[in-house]
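The values are calculated or read from the model by the stated rules, or taken from the named source; none is laboratory data. Since this is a predicted model, take the numbers as computed values, not measurements. Note that each Cβ is placed from the backbone with ideal geometry, even for glycine, and that neighbours are counted across all protein chains shown.
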Amino acid sequence: AKAQGAESIRFFNPAMQESINRRMLIESALRRAVKNNELELYMQPQVNEDREVIAGELLLRWTDPDLGVISPVEFIPVAESSGLIVPLGSWVIEQACSILQQWQAHDALKHIPLAVNISPRQFRHSHFVTHIERCLQAMQIPPGLLELEITEGLLIDNIDITVKRLVRLGELGVRFSLDDFGTGYASLAYLKKLPLYQLKIDQSFVRDMLTDVNDEVITTTILGLGKNLNLSVIAEGVETQAQLEHLRGLGCHKFQGYLFGRPQPISYWQSRLEQ
Ligand code: C2E
Ligand code: CA
Ligand code: CA
Ligand code: CA
């Protein structure tokens, strides 16, 4: 115990103290922001080969009055470790259903699905399935319009419970994309077990695909996997025409990235889609 104590003193340096302080600061600010409804949802389009919008991904945005803009890359892990992701994630799902409901009155919008990101802790919460069921029913969302983007982190343990929940949600008309595909630990054997609709090629592969042959091989492999398992495949993080052309050459038909549009307030995309 003595040796351990000495070690923790040795490793507990000022930089660590700073990052702990920042984390605590973010956690308390986030708690307040969630309570006061201060987070926003932006949307980024997903397009087909004709650049037509075929779906939208909802992404959280947060500007704290004191801390300024905080990236989801920073606050989502804090939300996850503090448990705040449960109320926050529920709010995101309610918002998604509410937007989908409003869109049902507009011909140009009513067939566009919305995708929501789901954290593992949120997925594992005991009320996850019933909450979504209630939202879908209360707002009378047609099947197939709510998509959930899950990550390979969900597949590490309790795979049987995960599959059961996915199947139950699938029966409610919910579709699943496997986000950041290729970066995690998912065993290929699981892929067949899961009621998935789509694989998302992680943006890190798309980014370096033209210069790093490994990333090109992985991209090709994911596209082949999709074809063989009868899953849709979408490439994320597409920023350049060269990347787009290369992906098309490899047989990719769905894309998301700055080349087609950045995440913007829902109203921005809504008015564009209605024109
Ligand atoms: P993600 O789900 O992989 O989302 C894609 C991220 O890539 C988004 O970052 C998006 O803005 C960014 N992006 C889109 N196109 C491009 C591009 O062409 N180039 C580059 N470099 N980046 C692009 P963002 O919005 O900062 O979100 C980061 C991560 O935070 C998300 O990664 C997701 O894991 C998480 N996140 C965001 N909103 C939510 C949410 O509502 N719930 C949960 N659980 N996680 C969320
Ligand atoms: Ca995502
Ligand atoms: Ca992703
Ligand atoms: Ca990511």
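Taking Ile218, is it touching a residue at least 60 places away in the same chain (Cβ under 8 Å) and of a type outside the set (D, E, K, R)? For Ile218, the condition - touching a residue at least 60 places away in the same chain (Cβ under 8 Å) and of a type outside the set (D, E, K, R) - is not met. With the structure loaded, tell me whether Ser119 is at pLDDT 95 or above, in contact with a Cys (Cβ under 9 Å, 6 or more places away or on another chain), within 23 Å of Gln198 (Cα to Cα) and surrounded by 15 or more Cβ atoms within 10 Å (Cβ to Cβ) or whether it fails that test. No, not satisfied. Just so you know, in segment 69-120 the residues that are of a type in the set (Asp, Glu) and closer than 16 Å to Ala29 by Cα include one that is farthest from ligand 2 (Cβ to nearest atom), and it is Glu74.
With respect to Gly184, determine if the residue is surrounded by fewer than 18 Cβ atoms within 10 Å (Cβ to Cβ) and in contact with a helix residue (DSSP H, G or I) (Cβ under 9 Å, 6 or more places away or on another chain). When the stated conditions are applied, Gly184 passes them.
Whenever a residue of segment 252-273 is touching a residue at least 24 places away in the same chain (Cβ under 8 Å) and assigned to a loop (DSSP other than H, G, I, E, B), its partners that are of a type in the set (Ser, Thr, Tyr) and within 16 Å of ligand 2 (Cβ to nearest atom), lying with C-beta atoms within less than 7 angstrom and at least six residues away or across chains, give the pairs Pro263/Tyr42.
The requirement of being more than 16 Å from ligand 2 (Cβ to nearest atom), closer than 18 Å to Thr151 by Cβ, assigned to a loop (DSSP other than H, G, I, E, B) and of a type in the set (A, V, I, L, M, F, W, C) is fulfilled nowhere in segment 215-226; no residue meets it. Output yes when any residue across segment 237-246 is away from ligand 4 (no atom under 16 Å from the Cβ), free of Cβ contacts under 8 Å to residues at least 60 places away in the same chain, surrounded by 15 or more Cβ atoms within 10 Å (Cβ to Cβ) and over 19 Å from Ala55 (Cα atoms), and no when none is. Yes, the conditions are met somewhere in segment 237-246.
Residues of segment 171-202 that are within 12 Å of ligand 3 (Cβ to nearest atom) and either more than 12 Å from the chain's Cα centre (by Cα) or not aromatic (Phe, Trp, Tyr) (or both): Ser177, Leu178, Asp179, Asp180, Gly182, Thr183, Gly184, Gln198, Leu199, Lys200, Ile201, Asp202.
Among the conditions (1) modelled with pLDDT of 95 or more; (2) over 16 Å from the mean Cα position of the chain (by Cα), the only one that Ile159 does not satisfy is (1).
Answer yes if at least one residue in segment 240-249 is more than 13 Å from ligand 1 (Cβ to nearest atom) and not in a helix (DSSP H, G or I), and no otherwise. No; the residues of segment 240-249 include none that is more than 13 Å from ligand 1 (Cβ to nearest atom) and not in a helix (DSSP H, G or I). Selection of helices (runs of 4 or more DSSP H) fully inside segment 140-211 by the criterion of at least 3 residues being touching a residue at least 24 places away in the same chain (Cβ under 8 Å) and more than 12 Å from ligand 1 (Cβ to nearest atom) returns 159-171, 188-193. Among the residues making up segment 155-208, those that are more than 30 Å from Gln241 (Cα to Cα) and touching a Gly at 6+ places or on another chain (Cβ under 7 Å) are Gly173, Pro195.
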